[in-house]
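Below is one structure, written out as structure tokens, with a few remarks after it.
The values are calculated or read from the model by the stated rules, or taken from the named source; none is laboratory data. Just so it is clear, the model here is predicted, and its values are computed rather than measured. Cβ placement follows ideal geometry from the backbone for every residue including glycine, while neighbour counts extend to all protein chains displayed. Heads up: the accessible areas ignore ligands, DNA and RNA and are worked out on the full protein's heavy atoms, side chains in. Shrake-Rupley method; radii C 1.70, N 1.55, O 1.52, S 1.80 Å.
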2 protein chains.
Amino acid sequence: MGVIEVDVARFLQDLHALRAIGAAGVGKGVVRPAYSKADIAARDWLAVRMRDAGLAPVFDDMGSLFGLASGRSVLLGSHTDTQPEGGWLDGALGVIAALEVARASREAGGPPVSVVSFQDEEGRFGVTTGSAVWSGVLSAMQAAQLQDKDGVILDAARAAMGARLGARVYPARFSAFVEMHIEQGPVLDQAGEKIGVVEAIVGIRDMTISFTGQQNHAGTTPMALRRDAFQALSAFNSVINDRFRNIVTPDTVWTIGFVELHPGAHSIVPGRVRFSMQWRDGDAERLARMEAVIRETAEEIASEMGMALELGDMLGIEPVAMDAELRNVLAVAAEGEVPGKWRHMPSGALHDASNVAGLMPAAMLFVPSIGGISHAFDEDTDEADLVTGLQVLARAVSALG
Amino acid sequence: MGVIEVDVARFLQDLHALRAIGAAGVGKGVVRPAYSKADIAARDWLAVRMRDAGLAPVFDDMGSLFGLASGRSVLLGSHTDTQPEGGWLDGALGVIAALEVARASREAGGPPVSVVSFQDEEGRFGVTTGSAVWSGVLSAMQAAQLQDKDGVILDAARAAMGARLGARVYPARFSAFVEMHIEQGPVLDQAGEKIGVVEAIVGIRDMTISFTGQQNHAGTTPMALRRDAFQALSAFNSVINDRFRNIVTPDTVWTIGFVELHPGAHSIVPGRVRFSMQWRDGDAERLARMEAVIRETAEEIASEMGMALELGDMLGIEPVAMDAELRNVLAVAAEGEVPGKWRHMPSGALHDASNVAGLMPAAMLFVPSIGGISHAFDEDTDEADLVTGLQVLARAVSALG
């Protein structure tokens, strides 16, 4: 068969209909956290749309909604829950594009396509909670006891979904997973490109570091006798920036985003600093080399500047490479749709595809985010770019069939 | 006459008796904030001691306690209020040493010596509040409306001193002021020296600076596209440290003691930082040159790194030089008592002497602080060093007579 013919108007209409459920804040803002009334209403609306498209809607124990095609199928989707202050496209785009491709493929007699909206991707309770449980990364028992920032237990929150819950959806019924998503970064927008084919979802390392020197009077303590924790932090930052140049690629990122000085007064030489050091890359070996530099530099600075050093536990999320064949199918589809106006790129953010990649071949497709803005009411993408993404997805699914 | 013979045992006994009023915390800790029960009890105890020493005790409107000798006299003293968590010597040493020298001088037929304990030197309400009002630096009306951190008005707090208040003490009755104090810094202790003759009480400049860049996702924003406010702060700090080398002396100090990153999350490139920049020196011209470097560097960094810059109002306290003749008298006394084991030095902390220097020749004498610790329960000085300070003060007063 040729390329599945999608219905652009129907796709955009559904995207705007979903946006209206939980619409809030300014512009196209949406507030639909996992298990909230708006989240459940959106899932109920989506279940009706799935049924209309000839898919069988079922909710698993976590509240992830699957629209199942008969027999073995390609799984497309993302999530419909949002950040506490979210945009209209983060997650929703991938779900509605999946719905349209499933519908259009069925109408055209193309390959069977199932659709999923995973629950709690945005992490009210955990990190990509619904897909983590579905893929066995997180046990159902552990998930049930997770708490949100107000102390609500997941098990209590999901009770609002009542009798909907309980279906068992075997991963083995799917041949592949493709998640389309906004980039949430500025790369495509700045380059004027339309599509990103994700090579890998980057791994994350995150460590809290403390330097403890000597708290002193800022008037009576000569510079030469100080052990100033802020000066240690600043020196650490400069040296790290310098040493990383020999290790990193343009895709590697690192961030000191949290700094707590003690006691934090104008007239007191700070005796202690706690700060976060987070670094991300698609290559686990590079992450390890960066870790070695961080540990070594922190120890050098501590020793040179008379600081006690405390290196906290390291959070580690491993990089997840996308399936090579599936990536190639997406690349061919992108080149067919927007020749020369797409790129291979890493995903700096986590996605449900990270979890699903353990179950089946998985891949991701990015469309531009205007100004790179995400997790905010003013997240947006030109509708023409959303349509381009839909068409690349439809091409890829046609090729899979 | 020769040197006034002080009574060392009586001096130490009084110092320990005063310490018992408001004793708290660990070790030799004392809690006697301005106008607290313990503060007023200490002043009442001191008034009795003054009367026993042949001095007329009077409280001015602020609650500063003067023990007046007849006729024109030398004024010695400091303060008996403490920090919320204070030590036993900060202020108290200068008052009890003054009492002992006044007493001993009277017994020996030496020069008349009056004694003062200023109120609220530690700034529950302002900065050196009692001496600031006495010297006209702060108007009585403004002082009355000052609030402490809990919102208590000074006028309400001093009501606890009741009928004690109200005496008028003319500065013109005093010929000079000498304040003995612990150093509150590590210089004498580290050098193994016994006495510091203060050249000047340093001036202070204090400015809050903000850099505003762009808040972004720490995973999806490439390093080259970031405008990271923490990186701007770290760069500013490095450049400032470098440029100051050509301007400062070993006595100059500067401190970044307060840092607030926004939003302060591990996974978010910080979009904004507010931080304090404080610098101190005995020379107003040097303070101004440092200010120029700070402004210029902040503007350069902002421009290079794409930051909006906000320079807050600058707090300025002018340096106060100690009286040259009086300093010389103290230097001669120090050399007589501990030859070669004393130095000229600035005071990095503010003192009541800063205010009194506007009324009459004023000078200060430092004794060592063990480990440079002050404004803490574990502030301390070897008793032998306290006695040395007392004897230098007695020698100086003898010379003035």
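Some observations on this one:
- Annotation: region A:271-322 has a Kirkwood hydrodynamic radius of 12.7 angstrom, from the mean reciprocal C-alpha pair distance.
- Two-decimal log10 I(q)/I(0) for region B:13-58, as the Debye equation yields it once each C-alpha is a single scatterer, q = 0.30 Å⁻¹: -1.07
- Counting all C-alpha pairs of region B:106-210, share separated by more than 24 Å (%): 47
- Dividing the mean sequence gap of close Cα pairs (under 8 Å, 6+ apart) by how many residues chain A holds gives a relative contact order of 23 percent.
- Rounded to the nearest 10 degrees, the angle from helix A:37-52 to the longest Cα principal axis of chain A is 30 degrees.
- Separation of alpha-carbon centers, region B:257-301 and region A:379-393, rounded to whole Å: 44
- Rounded to the nearest Hz, the phi-derived 3J(HN,Hα) couplings of region A:263-280 under the Karplus curve 6.51 cos²θ - 1.76 cosθ + 1.60 (θ = phi - 60°) are x, x, 10, 4, 9, 10, 5, x, x, 8, 9, 10, 8, 9, 10, 10, 9, 9, where x marks glycine and proline.
- As computed over region B:65-113, the Cα convex hull volume per residue (Å³): 58
- Directionally averaged projected area (chain A, Cα convex hull): 20.9 nm².
- Pseudo-label separations to other copies for B:Gly162 - Cα-to-Cβ vector, 7 Å, nm: 7.1
- Cα-based equivalent ellipsoid of region A:279-362: semi-axis lengths in Å, sorted from largest, via gyration tensor: 39, 15, 9
- For B:Ala56, the point set 7 Å out from Cα toward Cβ sits 10.6 nm from its twins in the other copies, listed from shortest up.
- Relative to the longest principal axis of the Cα atoms of chain A, helix A:383-400 runs at roughly 70 degrees.
- For region B:1-94, Kirkwood radius (reciprocal of mean inverse C-alpha pair distance, Å): 14.2
- Dipole magnitude of the protein assembly as shown, debye to nearest 20 (Cβ charges: Lys/Arg +1, Asp/Glu -1, about Cα centre): 840
- For region A:136-271, convex hull of alpha carbons as volume per residue, Å³: 243
- In the calculated pair-distance distribution of region B:15-159, the portion above 25 angstrom amounts to 26 percent of the Cα-Cα pairs.
- Averaging over all projection directions, the Cα-based convex hull of region A:350-399 occupies 4.4 nm² in the image plane.
- Lys/Arg +1, Asp/Glu -1 at C-beta; region A:218-362 dipole; positive extreme among A:Ile317, A:Leu359, A:Gly264: A:Gly264
- Working value for region A:134-177: equivalent-ellipsoid semi-axes of 25, 14, 8 Å, each the square root of 5 times a Cα gyration tensor eigenvalue, largest first.
- Here the alpha carbons of region B:185-234 define both size measures, Rg and Dmax, at 22.0, 60 Å.
- The angle between the Cα long axis of helix A:284-305 and the longest principal axis of the Cα atoms of chain A comes to about 20 degrees, rounded to the nearest 10.
- With a 1.4 angstrom probe, the accessible area lost at the A-B interface totals about 3800 Å².
- Inter-copy spacing of B:Ala140 label points, which lie 7 Å from Cα along Cα→Cβ, given in nm from shortest upward: 8.1
- Region B:241-387: projected area of the alpha-carbon convex hull, averaged over directions, in nm²: 13.0
- Accessible area expressed per residue, chain B, with surrounding protein chains retained (probe 1.4 Å, Å²): 37
- Beta carbon of chain B nearest to the axis of the rotation taking B to A, residue and angstrom distance: B:Ser234, 2
- Simple Cβ-charge dipole of region B:153-291, Lys/Arg +1 and Asp/Glu -1, about Cα centre, in debye nearest 20: 460
- Over the protein assembly as shown, volume per residue of the alpha carbon convex hull, in Å³: 168
- Span from the region A:218-255 Cα centroid across to the region B:164-232 one, whole angstrom: 23
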